[in-house]
Amino acid sequence: MARAPLLQVNEISLTFGGDPVFEDMSLVVQSGDRLALVGRNGSGKSTLMKVMAGLVEADSGDVIVGPGVSVGYMEQDPDLTGFETLGDFAAHGLDPSEMYKVERAGEGLKFDPARPVSTASGGERRRAALARLMASEPELMLLDEPTNHLDIEAIRWLEDELKATRAAFVIISHDRAFLRELTRATLWVDRGVVRRQDIGFGGFEAWRDQMWEEEDMQRHKLNRKIKAEARWAVEGISARRKRNQGRVRALQDLRAERASQIKRQGTAAMALEAGPKSGRKVVEAMGITKAFGDKTILRPFDITIQRGDRIALVGPNGVGKTTLLNMLIGKEQPDGGEIKQGTNLEIALFDQARAQLDGDMSLWDSLTGDPEMRVSGKADQILVRGQPKHVVGYLKEFLFDEGQARAPVRSLSGGEKARLLLAKIMARSSNLLVLDEPTNDLDVETLDLMQELLSTYDGTVLLVSHDRDFLDRVAATTIAMEGDGKATVYAGGWTDYLAQRQQDDFDQSVVVKSKPGVKSEKPKAAQQSGLSFTEKHRLEALPAEIARLEAEIAKLEELMSDPTLYSDNPVKFQKATDALVERNEKLQDAEAEWLMLEEKAES
């Protein structure tokens, strides 16, 4: 006998502010379902999940939970009012004997149950809410952006837990790798309609593109039919008026059908413009160190960042990624060592705390009040890459409507705040783009656009992210910070880093086994006496730099192998050509420098 569904949504309709969010929407969640809930920012995903959780009541329709089914919901902004510690909140509703479940989740998600609620950060509160959900073990879990504020280790712990659970779950997330790993079916919210496809997120984008292609074809056919019927009406209706009134009404119906179609939301019209070229060497760090009290953030570390590099910093929360980033761009000083910044740097910063946004200001004032964007004598215009533009017109390019222009920033969703901050950053030219957790809350389509912009950006990119897919698509070099002050440079993105680290671990185990009592061997360069301290570190760093340049060249050559690139996008083709020439020059210089230092060491 078939089991009853865990949850049914029957023909619900919901309206906010005069605009319908859903009309006659229905869906079913069965036992064992592992669903990705996807859609554009503002499409109503979080609202739908709150309806499923019983926290928002629809205007019409029913939400039916199966007999005896427990539903757990993890929201983006949990209310911890009335709880003294994070552990008190996470353990609410549990028997005291089950406190071990909260402690286990706290260990995996990296939050301290004893932390007072009054001093907990937003990320810690979210992790406590996620621990509460995992510990309560409901039959259906509703998870709204569970990976936000989690580092990669915690995300992988959560993946393993969800893989092992017997519960059904529905997940909203921007993290492609997370969704691909866990989901078996997809719910797609698009213009008030939910479509279900029994494929995991890995097949979603191909399915979405096919649906849009079919929709465009049907719209094209409708337009052609209307055009033909309209021509008939103009040319022949007077002679056949009585006999063909039905055909005239049919034309009116066709036009009404076209008018009723809801146009797809476009992608944000984002653009990155690199300013004047920076010096060839953007940042050079030599033996830099950092500590806060007894906590070592960074042991002696060297890196040379060249113009055009794409460098990602990865590691657990609290390990010091943002601190290293701030030292590299001059916002914070190292305790020891030296940092030299290149010439002509124009830095644009996207900070994870969105500190550049004032929640009490309107979107309009947030842009027009920026001294670098203000147009003298024009209260309704801003400077966008040196050209005046109406503030509402610019906001529309980032998918804000005119009604939002005077709304306070605090009323925006997480994805909308990210888009507003991107609008501020992209209004000015830069040649060093610093992105600290830029992917949080952005939908898949906006992430795709950002990745494309970064691939053709002429400047240098420094990036902190826990989004493994985004790291693989963007980064050409990875700095791994794994605790105890250790930072290691690897060529490539996240997947490349994992492969190289596994190889390093294997090589190290071989050294230990072959030489009992010896824990490690010093790198060859460290044993040389013919080099200065700086030259020794440079010789150690050059192989990774050469490997990174070779990886970048391979990516550019793959891009330019597309025979349609020149005809379809000549600007992109030219940028890729210039970048390829520059990377080859850098590779030759790096190889020559390595040979020179190696010969000097041997002599």
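The condition of being surrounded by 17 or more Cβ atoms within 10 Å (Cβ to Cβ), in contact with a strand residue (DSSP E or B) (Cβ under 7 Å, 6 or more places away or on another chain) and touching a residue at least 60 places away in the same chain (Cβ under 8 Å) does not hold for residue 14. Of all the criteria given as (1) surrounded by 21 or more Cβ atoms within 10 Å (Cβ to Cβ); (2) at pLDDT below 85; (3) within 30 Å of residue 343 (Cα to Cα), the one not satisfied by residue 442 is (3). Selection over segment 551-564 of residues that are modelled with pLDDT of 75 or more and exposed (fewer than 15 other Cβ atoms within 10 Å of the Cβ) gives a count of 6. Elements of the type helices (runs of 4 or more DSSP H) sitting completely within segment 315-418 and holding at least 3 residues that are in the same structural domain as residue 445 (by TED's automatic domain parsing), closer than 30 Å to residue 298 by Cα and modelled with pLDDT of 85 or more: these cover 321-328. Do you know which residues across segment 78-129 are part of a loop (DSSP other than H, G, I, E, B), among the small types (Gly, Ala, Ser) and surrounded by 21 or more Cβ atoms within 10 Å (Cβ to Cβ)? Matches in segment 78-129: 91 only.
For segment 31-48, the tally of residues that are in a strand (DSSP E or B) and either free of Cβ contacts under 8 Å to residues at least 40 places away in the same chain or β-branched (Val, Ile, Thr) (or both) stands at 1. For segment 69-90, the tally of residues that are closer than 12 Å to residue 126 by Cα and of a type outside the set (Phe, Trp, Tyr) stands at 9. Looking at residue 56, is it aliphatic (A, V, I, L, M), assigned to a loop (DSSP other than H, G, I, E, B) and over 29 Å from the mean Cα position of the chain (by Cα)? So residue 56 fails the test. Collect the residues in segment 552-570 that are among the hydrophobic types (A, V, I, L, M, F, W, C) and either in contact (Cβ under 8 Å) with a residue 40 or more places away in the chain or closer than 18 Å to residue 461 by Cα (or both), keeping them in residue-number order. Within segment 552-570, 553, 556, 559 qualify. Within segment 173-207, being touching a strand residue (DSSP E or B) at 6+ places or on another chain (Cβ under 8 Å) and over 23 Å from residue 439 (Cβ atoms) holds for 184, 185, 192, 193, 194, 195, 196, 197, 198, 199.
When residue 434 is tested against (1) in contact with a strand residue (DSSP E or B) (Cβ under 7 Å, 6 or more places away or on another chain); (2) assigned to a loop (DSSP other than H, G, I, E, B), only condition (2) is not met.
With respect to residue 395, is the statement that it is under 19 Å from residue 325 (Cβ atoms) and buried (at least 20 other Cβ atoms within 10 Å of the Cβ) true? So residue 395 fails the test.
Residues that are more than 16 Å from residue 487 (Cα to Cα), touching a Phe, Trp or Tyr at 6+ places or on another chain (Cβ under 8 Å) and either touching a residue at least 60 places away in the same chain (Cβ under 8 Å) or not hydroxyl-bearing (Ser, Thr, Tyr) (or both): does segment 316-335 have at least one? No: segment 316-335 contains no residue that is more than 16 Å from residue 487 (Cα to Cα), touching a Phe, Trp or Tyr at 6+ places or on another chain (Cβ under 8 Å) and either touching a residue at least 60 places away in the same chain (Cβ under 8 Å) or not hydroxyl-bearing (Ser, Thr, Tyr) (or both).
The values are calculated or read from the model by the stated rules, or taken from the named source; none is laboratory data. This one's a predicted model, so the numbers in the text were calculated from it and none came from an experiment. Note that each Cβ is placed from the backbone with ideal geometry, even for glycine, and that neighbours are counted across all protein chains shown.
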